[in-house]
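Worksheet for the structure shown next.
All of the numbers you see were taken from the coordinates with simple rules; none came from a lab. It should be emphasised that the depicted structure is a prediction, and the values quoted were computed from it without experimental measurement. Cβ: placed from backbone, ideal geometry, glycine included. Neighbour counts: every protein chain shown.
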Amino acid sequence: PCWSSSNGSIRNEKTLAMIKPDGLFGNYTVRIKNVILESGFIIFKEKVVQLDEDSAASFYAEHSTRSFFSSLVKYMTSGPVLVMVLEKENAVADWRTLIGPTDARKAKISHPHSIRALCGLDSEKNCVHGSDSTQSAEREISFFFKEVSTGGVVTEHDEL
Ligand code: UDP
């Protein structure tokens, strides 16, 4: 079901959050989860995954022509990641705000309280991921959690 609040926004919007290998190695998981819970998210699903090269490349397929792509795949396969489905009103945008800008060096200056400022290193090793739109969230959640439905509407087909 799609619970709507008085302003019409979706109260159970979902996004995909990920603690990348540097975040797990650096022991930032508990601190990051505290930020998540204190910010009003529900951790709807979570699991630890070791990505292989094919799955990391597929997850970041939109960047496959970029110069940093092979380095990104190497980074993302360098250790396990923790993927979480987070749920709350405005989850996609609010999680993006909490993680801060892509380049952790910039985050430390412009968004010092962001998660990437806390545990990221540079424009690659930035310790966390967040879906950048509701469409991306839908793709990324089903990438890791086949069983989670993100659509607000339960169709008759879903009931079969
Ligand atoms: N990335 C990188 N070099 C860059 C830009 C991005 O290695 O110059 C990596 C970084 O880990 C980033 C990911 O590629 O999180 C995806 O890039 P995107 O531009 O989608 O940033 P995000 O949405 O994660 O902030």
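Keeping to region 19-44, report how many residues are away from the ligand (no atom under 16 Å from the Cβ) and in contact with a Lys or Arg (Cβ under 9 Å, 6 or more places away or on another chain).
6
Just one residue in the set Val81, Val49 is surrounded by 14 or more Cβ atoms within 10 Å (Cβ to Cβ) and either touching a residue at least 24 places away in the same chain (Cβ under 8 Å) or more than 16 Å from the ligand (Cβ to nearest atom) (or both); that residue is Val81.
Run down Arg116, Arg96 and say which single residue is under 16 Å from the mean Cα position of the chain (by Cα), within 16 Å of Glu13 (Cα to Cα), basic (Lys, Arg) and within 13 Å of the ligand (Cβ to nearest atom).
So the residue among Arg116, Arg96 that is under 16 Å from the mean Cα position of the chain (by Cα), within 16 Å of Glu13 (Cα to Cα), basic (Lys, Arg) and within 13 Å of the ligand (Cβ to nearest atom) is Arg96.
Listed here are the residues, each with its yes/no results for (1) among the charged types (D, E, K, R); (2) farther than 24 Å from Glu147 by Cα; (3) touching a Phe, Trp or Tyr at 6+ places or on another chain (Cβ under 9 Å).
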site: Leu37; (1), (2), (3): no, no, no
site: Glu46; (1), (2), (3): yes, no, no
site: Leu51; (1), (2), (3): no, no, yes
site: Met76; (1), (2), (3): no, no, yes
site: Met84; (1), (2), (3): no, no, yes
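If we scan region 49-66, do we find a residue that is part of a loop (DSSP other than H, G, I, E, B) and touching a Ser or Thr at 6+ places or on another chain (Cβ under 7 Å)? Looking through region 49-66, at least one residue is part of a loop (DSSP other than H, G, I, E, B) and touching a Ser or Thr at 6+ places or on another chain (Cβ under 7 Å).
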